[in-house]
Each structure stands twice: as C-alpha cells, then as structure tokens.
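What follows is a single structure, written as structure tokens, with notes after it.
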Amino acid sequence: MKSGGVWSPINAFRQAVFVEAINVRPAIPMDGPLRLEIDFIFPRPKSCPANQVLKWTKPDTDNLLKASMDALTNARWWIDDGRVAKIQTCKRYPFDGEHIGAAINVTTLKDPAWRSA
C-alpha cells in the first residue's frame, strides 16, 4: 500500500475535473445563488443497446456530484459549494460525435431576496 492516500476512480475523476476547471474558471469566484448542471457522459459498453441513453449503474450519481463540486470549489469557481441552490444532473451515454466526460454548466440564479454586499 502506498502512503499518502488510496487511488480510486472517483478521486481520479475529481482530479480530472479540477485540472479542466482551473483553466476555464471565472476571473472572480461566483457568489450568490447558483445553478449547477452536469451531464456525466460514459463510454457505451458493447453489451448496452444502441437506443439506451441513460446509465443507471455505478458509479453513484451522488459520488460523482460530490467529486465535481469539490473540484470546482478547489478550482475557485465559486465562493463555496453551499452557494449552489439548484442542481440538475444526468448519467448517460454519448450522443453521436460527443466526447465522454462531464459537461458542466454553472449559472447565477435570480433571487429577489438576495443582494450582493
């Protein structure tokens, strides 16, 4: 066993998201109520029917979401992941010509009760 941690697919995924996110992060970390949309796009196994779009096997969506949010926090995309008020996520197989990975979109929500400091 190596010292310093354990390798896992989720840890490798978190690191990959961080590397990409750090290069395209906003100049100023996002604040206020945020919406997070993520499509997790997996390679299609040969045993999977061509017309099946959704993936309902491991890894668990909540683990992928947590790893993604941690990576975005570490890359300083936002002040804190607690700012995320709305989440939409999907595990699926790619459409024609689409790459595998994670398609991530973060936007500011309009909330009349929230004011910037």
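No lab work stands behind these numbers, since they all come straight from the coordinates. Since the model is a prediction, treat every value here as computed from it, not as a measurement. With ideal geometry, Cβ positions are generated from the backbone for all residues, glycine too; neighbour counts draw on all protein chains shown.
With respect to Arg44, determine if the residue is charged (D, E, K, R), part of a loop (DSSP other than H, G, I, E, B), more than 18 Å from the chain's Cα centre (by Cα) and closer than 24 Å to Ala12 by Cα. Yes, satisfied. Could you say whether any residue in region 58-73 is farther than 18 Å from Ala103 by Cα and surrounded by 15 or more Cβ atoms within 10 Å (Cβ to Cβ)? Looking through region 58-73, none of the residues is farther than 18 Å from Ala103 by Cα and surrounded by 15 or more Cβ atoms within 10 Å (Cβ to Cβ).
Kindly establish whether Val106 is surrounded by 15 or more Cβ atoms within 10 Å (Cβ to Cβ) and farther than 16 Å from Ile10 by Cα.
yes
Exactly one residue out of Ala102, Ala50, Ala67, Ala85 is among the hydrophobic types (A, V, I, L, M, F, W, C), free of Cβ contacts under 8 Å to residues at least 12 places away in the same chain and out of contact with any Cys (no Cβ under 6 Å at 6 or more places or on another chain), and it is Ala50. I'd like the residue in region 9-25 that is in a helix (DSSP H, G or I) and of a type in the set (D, E, K, R) and, out of all such residues, is surrounded by the most Cβ atoms within 10 Å (Cβ to Cβ). If we take residues in region 9-25 being in a helix (DSSP H, G or I) and of a type in the set (D, E, K, R), then Arg14 is surrounded by the most Cβ atoms within 10 Å (Cβ to Cβ). Go through the residues of region 92-110 one by one and say whether even a single one is out of contact with any Leu (no Cβ under 9 Å at 6 or more places or on another chain) and hydroxyl-bearing (Ser, Thr, Tyr). Checking region 92-110: not a single residue is out of contact with any Leu (no Cβ under 9 Å at 6 or more places or on another chain) and hydroxyl-bearing (Ser, Thr, Tyr). Evaluate region 26-36: report whether one residue or more is surrounded by fewer than 16 Cβ atoms within 10 Å (Cβ to Cβ) and among the hydrophobic types (A, V, I, L, M, F, W, C). So far as region 26-36 goes, yes, one or more of its residues are surrounded by fewer than 16 Cβ atoms within 10 Å (Cβ to Cβ) and among the hydrophobic types (A, V, I, L, M, F, W, C).
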